Amino acid sequence: MRPVTRSLPRAFGRVTAVAIVLVLVACSPAGSQVPTQAASPTGSASGSQVIAEVATFQMVAGRPGRLLVALVSIDRRWLSFGSVTFSFAYLGDGSGSPPPSVPMEDATAAFLPIPGSPDGAGLVPTLTFPADGHGVYKADSVTFPQAGYWQVVASGELDDGTAFSADAATEVLATPTVVSVGDVAPQSDNAVIGTAGVPNAAIDSRAASGEPIPDPELHATSIAAAVDAGHPALVVFSTPVYCVSQFCGPVTDLVEQLAADYGDRADFIHVEIYRDFQATQINQTVLDWLQVPSGDFREPWTFLIGADGRIAASWDTVVTRGEIEPLLRALPPKD
Amino acid sequence: MAVGLEAASTGLCAAIAALPDPTEVERTFTNEAHAALHSLAAAAGLDRADAARVLEGMEQVETDFNSGDAGALATDLVALQVSADEALRALAIEVPVCAQ
C-alpha cells in the first residue's frame with residue numbers, strides 16, 4: 001500500500017449552479033483540461049438551461065465505446081427518459097492549432113437510469129427531480145475516429161415539445177489508460193474479510209464506525225484467487241460512503257443483487273477505493289486497475305473477468321442489470 | 001429554490017420540516033439536498049475531515065431511510081445539517097437561516 005496524494009475531484013467552475021450539477025456526474029481528475037470553446041453550456045428547455053456533461057471516463061480513438069452524457073438543468077432537475085441525439089465535432093489536439101474537419105456520424109442515445117430509478121419506459125425526455133427520474137443518456141458502439149478533444153452535442157425534444165440542445169467537451173485518448181477489454185486482469189490480492197491488519201473500513205467504507213462489513217459475499221474472494229481458480233468474476237470498484245458522484249452506492253447495490261442471483265456462475269468482488277479517506281490513502285488494488293498516468297483515477301468502474309483471466313467487459317459510471325445480466329446468464333456453472 | 005452550495009443546508013431544512021413523514025422526508029432530501037451535499041463535500045478548499053463528516057452523515061441518513069428508524073432519522077438529519085453548515089462556514093459561505 002502506498003499513499004497517494006489525491007484531492008477531492010473538482011467541478012469545472014462556471015457558475016455556482018453549474019458547478020453543482022457537474023459534480024453529480026463524475027469524478028473529474030485534477031488536471032483534466034478541455035478546450036474552453038466547448039465548455040459553455042447551450043440550449044434551453046421550458047425556460048431552464050440544460051447543461052451537458054460527459055460521464056464516460058475513458059473513450060479511445062478507433063474503438064467502439066459506450067458514451068454516457070448527463071443532462072441537467074440549472075434548477076437541479078435531470079433530463080430523464082426517452083432518447084436524444086448525440087452529434088460530434090472535432091476540436092483539435094489541444095495544441096491550439098486549427099482543428100481539421102473530421103466527419104463523424106450522429107448517434108441515438110437512450111436513457112439509462114441509475115439502478116433503482118424508474119426507467120420511464122414509453123416516455124419522452126422530461127425534466128425530473130431526482131426522486132422521479134435520475135440517470136444518463138447512453139449511446140453504444142460510438143467510435144471516435146481521431147484522438148483529441150471532441151465536442152458532443154446532445155439534442156432532442158422535451159415532453160412539452162420544446163427543443164433543447166446542450167454541449168460538452170471530452171478528451172478521446174489514443175490508447176487506453178485503464179485496464180481494458182481483452183487485457184489480462186491484474187491479479188490483485190485485494191483485502192477480504194479476515195485479512196490481517198486491514199481495517200473494516202478499508203474493505204467497505206460503510207463499516208467505518210464499527211458496523212459489520214456489509215455485503216460479505218462481495219468480500220470473500222480476492223481477484224487473484226478468482227483468476228487462479230479459473231472463475232469468472234464481476235468486480236466493482238467503488239466507495240459507497242466517500243463517492244463524490246452519486247453512482248457508487250447504487251452500482252454496488254446492483255452488484256450485490258447480481259451476486260445473489262448468479263453466485264453459482266461467477267465470483268463477485270467489491271473493491272473499496274480508500275484505505276483511509278481522511279489520510280488520502282488509496283487501496284493498492286485501485287491503483288493497479290484504475291490509476292491513469294496523471295496519478296488520478298475515477299470511480300465507479302465495473303469489470304467482468306472471464307474464466308481465462310482476461311477482461312471480458314467493463315462499464316464505467318452507471319451500469320444497469322440489463323447490461324450485465326446477459327453476460328452472467330451465458331456463463332456455465334462454476335466448477 | 002436555492003441552487004448554490006447553500007442548498008445543502010436549505011435542502012436539509014426542508015427535509016427536517018417534512019418530519020415525521022419518512023416518505024416525504026426522503027423525497028425532499030433526494031430532490032433538494034442530496035446533490036448539493038455531494039457538491040459541498042467535493043468543493044475546492046474544504047478539508048477532508050469536513051468532507052468526511054458530510055459524506056458519513058449522508059450515509060447515516062440514507063441508512064435510516066432503509067431501516068425506517070424515524071427517531072434515528074431525525075437525529076441524524078440534524079447532525080448532518082450541523083456538519084453541512086460547518087462545511088459551508090469553512091468555505092466562507094454564509095449559512096442560510098432555516099425558513100421552516
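The values are calculated or read from the model by the stated rules, or taken from the named source; none is laboratory data. Just so we're clear, the structure is a prediction, and the values are computed from it rather than from any experiment. Every residue, glycine among them, receives a Cβ derived from its backbone with ideal geometry; neighbour counts consider all protein chains shown.
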### Task
Take residue A:193 and decide whether it is crowded, with 23+ Cβ neighbours inside 10 Å and closer than 28 Å to residue A:116 by Cα.
no
### Residue count for the range A:199-211, restricted to those that are part of a loop (DSSP other than H, G, I, E, B) and either within 13 Å of chain B (Cβ to nearest Cβ) or buried (at least 23 other Cβ atoms within 10 Å of the Cβ) (or both)
6
#### Entry: From the options B:80, B:73, residue that is within 14 Å of another protein chain (Cβ to nearest Cβ) and either in a helix (DSSP H, G or I) or surrounded by 14 or more Cβ atoms within 10 Å (Cβ to Cβ) (or both)
B:80
### Task
Can you tell me which residue within the range A:242-300, out of those that are away from every other protein chain (no Cβ under 14 Å) and among the hydroxyl-bearing types (Ser, Thr, Tyr), is nearest to residue A:208 (Cα to Cα)?
A:285
#### Entry: Whichever residue in the range A:108-142 is under 12 Å from residue A:159 (Cβ atoms) and within 14 Å of chain B (Cβ to nearest Cβ) and, among such residues, is surrounded by the fewest Cβ atoms within 10 Å (Cβ to Cβ)
A:128
### Query
Would you say residue B:91 is surrounded by 22 or more Cβ atoms within 10 Å (Cβ to Cβ) and not charged (D, E, K, R)?
no
### Task
Tally the residues that are among the β-branched types (Val, Ile, Thr), crowded, with 20+ Cβ neighbours inside 10 Å and more than 9 Å from every other protein chain (Cβ to nearest Cβ), restricting the search to the range B:17-37.
1
### Task
Give the range A:76-98 a look and list any residue that's farther than 30 Å from residue A:250 by Cα and surrounded by fewer than 19 Cβ atoms within 10 Å (Cβ to Cβ), or say none.
A:89, A:92, A:93, A:94, A:95, A:96, A:97, A:98
### Only one of A:216, A:186, A:232 that is within 20 Å of the chain's Cα centre (by Cα) and either surrounded by fewer than 22 Cβ atoms within 10 Å (Cβ to Cβ) or modelled with pLDDT of 95 or more (or both)
A:186
### Message
Pairs needed: first member in the range A:130-148, more than 30 Å from residue A:97 (Cα to Cα); second member anywhere, of a type in the set (Ser, Thr, Tyr) and surrounded by fewer than 17 Cβ atoms within 10 Å (Cβ to Cβ); C-beta distance under 8 Å; at least 6 residues apart or different chains.
### Response
A:137/A:83
